[in-house]
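All of the numbers you see were taken from the coordinates with simple rules; none came from a lab. Nothing here was measured: the structure is a model prediction, and the numbers come from that model. Note: ideal-geometry Cβ built from the backbone for every residue, glycine included; neighbour counts use all protein chains shown.
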Amino acid sequence: MRRAALAGAFLAAVVGALWLARRLQAAEQPIAFNHKKHIGAGLECGVCHEGIAEGRVHAQFPRTEVCMTCHSSEDNPKTQAIRDYAAQKREIPWQRVYSVPKHVYFSHERHVGIAQLDCAVCHGDMAEKATPVAYQAVPIKMARCIACHQSRGVTRDCLACHR
Ligand code: HEC
Ligand code: HEC
Ligand code: HEC
Ligand code: HEC
Ligand code: HEC
């Protein structure tokens, strides 16, 4: 009995620590943005992540002006913060969740534009994401980059990614 209770307490402590570790790592977005609603409304990723549509290296976060094209003249309290940022001529301080270290080169143009990979391969199914992005649905790991490059016959030369 005692032993079972102790084991239970230990398990609870481990689960609690894991939960806390994830909370501490989780990014807090400034506005409760909902991908599911916007993608469900028929919006393409590139409307907001303009780099994708324009074939740039970075996908980029949306400019306040883009949000304002639909949310400038309504009185929904859930979107008031957008109008506040716009009135102050400020960009919304979106927190970056996906990034590679400085010594790594990654290009969206190469993977989305040329290789025609689906965003979901590296970011999970955003069309089902109803809460702001807080952690990497698909972790960025060198082993993953290399596994895909190997399976598709793409370079695994260190200097292709480390420049
Ligand atoms: C092309 C039009 C369009 C653009 C651009 C757009 N939205 Fe929306 N937004 C909508 C629609 C449609 C809804 C859903 C309205 C509803 O359900 O009542 C919505 C709802 C919202 C809501 C309320 C969410 C909720 O749970 O009800 C927020 C917050 C929001 N948008 C933020 C943003 C932000 C931030 C941007 C810029 C990154 C943005 N929107 C860009 C059309 C747009
Ligand atoms: C092969 C994997 C891969 C695919 C496919 C991919 N991404 Fe990314 N994405 C990444 C990586 C890696 C980063 C971090 C890049 C960095 O730090 O420069 C990233 C970063 C981002 C960011 C953060 C801002 C930025 O520009 O770095 C956004 C937004 C994003 N991706 C959106 C998209 C969208 C939208 C698509 C599909 C049109 C897509 N990604 C397809 C791997 C991918
Ligand atoms: C209406 C605007 C809008 C559309 C359309 C949109 N996004 Fe986003 N996206 C955002 C905003 C705002 C954020 C930052 C807030 C958040 O994390 O939810 C974001 C964040 C992301 C991130 C996290 C980037 C990081 O490093 O934090 C990814 C990945 C992403 N979007 C992928 C996509 C994909 C894939 C699509 C299309 C299937 C898409 N988005 C469509 C506005 C949009
Ligand atoms: C799901 C598959 C996949 C994943 C995951 C992936 N790549 Fe790629 N990558 C490709 C393909 C396919 C190409 C070739 C595109 C082309 O034809 O230019 C490519 C090309 C590249 C190139 C250009 C190579 C050259 O010949 O100069 C670099 C750099 C690169 N990837 C870096 C990365 C990094 C860094 C990651 C991980 C963060 C990554 N890739 C993850 C599929 C992938
Ligand atoms: C296809 C892209 C790609 C190739 C090829 C690649 N790397 Fe990496 N590498 C990455 C990415 C992305 C990271 C950062 C993510 C991580 O640490 O897993 C990284 C991280 C690293 C790190 C830092 C690890 C750490 O713990 O901080 C070292 C060291 C490294 N790579 C060495 C190499 C060497 C040596 C080669 C050649 C044998 C190589 N890489 C080939 C993408 C690549």
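Points to keep in mind about this one:
- CD proxy at 222 nm, helix term only [per DSSP H run n ≥ 4: -39500 (n - 2.57); per residue of the chain; nearest 500]: -12000 deg cm²/dmol
- Total charge dipole magnitude, region 68-114, about the Cα centre, Cβ charges on Lys, Arg, Asp, Glu only, Debye to nearest 20: 240
- For region 56-163, GluC sites (Glu not before Pro) are listed when DSSP marks them as loop and at most 16 other Cβ atoms sit within 10 Å of their Cβ; the list is E74, E91.
- Potential extension, A147-A130 segment - 0.36 nm per residue separation minus Cα distance: 3.1 nm
- Under Stokes-Einstein, with the Kirkwood radius over Cα pairs as Rh, the value for the chain at 37 °C and 0.692 mPa s is 174 µm²/s.
- Think of the chain as having a plus end and a minus end, set by charges on the Cβ of Lys, Arg, Asp and Glu; of G113, M68, Q95, Q95 sits farthest toward the positive end of this dipole.
- Environment charge of N76, counting only residues whose C-beta is closer than 15 Å and scoring Lys/Arg +1, Asp/Glu -1: 0
- Straight-line cross-link reach from K141 at under 23 Å between alpha-carbon atoms covers these lysines, not counting any fewer than eight positions away in the same chain: K102, K129.
- Dipole axis of the chain (+1 Lys, Arg; -1 Asp, Glu on Cβ), positive-most option in C122, V47, F33: C122
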